[in-house]
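The values are calculated or read from the model by the stated rules, or taken from the named source; none is laboratory data. Please read all numbers here as calculations on a predicted model, not as lab measurements. Using ideal geometry, Cβ is built from the backbone for each residue, glycine included, and neighbour counts are taken over all protein chains shown. What goes into the accessible areas is simple: the full protein's heavy atoms, side chains included, and nothing from ligands, DNA or RNA. Shrake-Rupley method; radii C 1.70, N 1.55, O 1.52, S 1.80 Å.
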Amino acid sequence: MTVLAPLAKRFALAVIAAALVLFSPAARGQAPQPANNSKTDKTERPLNLLVLGDSISWGQGLKNEHKAWNLIKSWLEQTTGREVRETIEAHSGAVIGSADDPNGESSRQLDGELSRAYPTINGQINNALKAFGDPSQVDLVLVDGCINDLDSRQLLNAANTPDRIRELAQAKCGPPMDALLARITNAFPNANVVVTGYYPILSEKTANDLFMRVLAKRFYTPEATAPKMKDKTLRARLIAISHEWYQTSDQMLAAAAQKIDSQLTEKGSHQHVLFADVAFAPENSFAARQSRLWGFDASWLRKMLALLTLGRVQLRTNDEQRNQRSKICEELLTKTKTETPSEKALREDRLTRCRLAAVGHPNRKGAAMYADAVGRLLRKMMDDGWLRESMRVTTPVTP
């Protein structure tokens, strides 16, 4: 039996938490720029790009042409003169899962904008192996994962502590990612792998207006005996746990990449596993002046009315897929003739979450930051010989 949260909390949860199912000042928010190479022999086989992971790899809220993986694809095509064929298995809400989970890949085909745990990222590997006649033809794998294993809503609850978030990040982004990367490199024996991380959801640059303070209180679910937390303390706690998540998750993902890369080197493999440091700055976090994350397309008054009316006044997101996503959400979550009041409340809660799912995900400038970080690694690999046999050697233009 599903136990429903109080209505106010359910609505507040829908405003941001579903979106998260869910970077340095020097980064300029531009896609990697291609070198002006002459194109090489068109008889060469296409390069194969495989994209695994959750909503960040998928590109929640973005049109295909603005997604990080597509920016990388275009750059590779122009740089190498070869066609790049993408296989996108990533989708919103994916958890890492395990290789031996019999249900890991079982899910009917759904739009990647719709958040669900399955197929897990391990299940996505299974699906990709079925899609490729020869897995050795995969040249590059982009992958992320672990925020959904932790449950991103924990990052919005000030009842948590930085120590608790550190423990969760170490547990969910460490050993599971080690095993995942080992499996990827074994399944696709000629592929280089680039792991991308996450970002600080909230920071000291996040707006400190009434709307954000009300949201923070709605997400706050302390123990019954816990003392009441003042607004200033609550905000400081949320910023602290957001920073801890960003720092520890990136550390664990980078360590996992380095571990598997070292193991490959010891075996004499030509494969590499690298971590792309996207380096989001505090001013790039949610609701900051230079935010690189999707937010709301609504006035301050409308946002407050949405909270005060518990969702009867609806909010709209400012992402590129909001209309399409709303349509598929409504088609998926249709009312039934036998719907009970509790089922209706649950369906409407899920519908609100679905419509707002892009909030807190990288926008066009944020996706370009991801592409830029990956592009820097690819240029370095090319300088070291990756794909050199199919390129005329030139120096790529620095983004």
Practice problem: DSSP loop (so not H, G, I, E, B), at most 14 other Cβ within 10 Å: list which GluC sites (Glu not before Pro) in region 67-160 pass both filters. | Solution: Glu83
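Rank-order 257-264, 338-345 by packing density, defined as the average count of other C-beta atoms within 10 Å over each peptide's residues, highest first.
So the peptides 257-264, 338-345, ranked by packing, come out 257-264, 338-345.
Considering only protein heavy atoms, what per residue accessible area in square angstrom results for region 199-269 with a 1.4 angstrom probe? Present the calculation step by step, with values, prior to reporting the outcome.
Working: 3920 Å² over 71 residues.
Averaged over the residues of region 199-269, the accessible area is 55 Å².
Sort 231-237, 154-160 for me by packing, meaning the mean count of neighbouring Cβ atoms within 10 Å per residue, highest on top. Spell out each step's value before the answer.
Numbers: 231-237: 15.3, 154-160: 21.0.
Highest to lowest by the protection proxy: 154-160, 231-237.
Given the pairs Lys217/Lys344; Lys67/Lys327; Lys205/Lys259; Lys73/Lys327, which are separated by over 23 angstrom at their Cα positions?
Working: Lys217/Lys344 25 Å; Lys67/Lys327 21 Å; Lys205/Lys259 34 Å; Lys73/Lys327 29 Å.
Among Lys217/Lys344; Lys67/Lys327; Lys205/Lys259; Lys73/Lys327, the Cα-Cα distance tops 23 Å for Lys217/Lys344; Lys205/Lys259; Lys73/Lys327.
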Quiz item: Where the accessible area of region 228-365 is counted over protein heavy atoms with a 1.4 Å probe, how much of it, in %, is carbon and sulfur?
Solution: 50 percent
Exercise. Measure off 7 Å from each Cα along the Cα-to-Cβ vector at Asp101 and Arg302, then give the distance between these two points in nanometres to one decimal.
Key: 3.7 nm
Quiz item: If you roll a 1.4 Å probe over region 84-173 with all protein chains in place, what percent of the accessible area is carbon or sulfur?
Solution: 43 percent
Practice problem: Can you figure out the FRET efficiency of Ala226 with Gln109, using R₀ = 56 Å and their beta-carbon distance, to the nearest 0.05? | Solution: 0.80
Quiz item: Taking the mean number of other Cβ atoms within 10 Å as a proxy for protection, how do you rank 124-135, 63-74 from highest to lowest?
Solution: 63-74, 124-135
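Quick check: convex hull over the Cα atoms of region 43-200, volume per residue in Å³, rounded to an integer?
124 Å³
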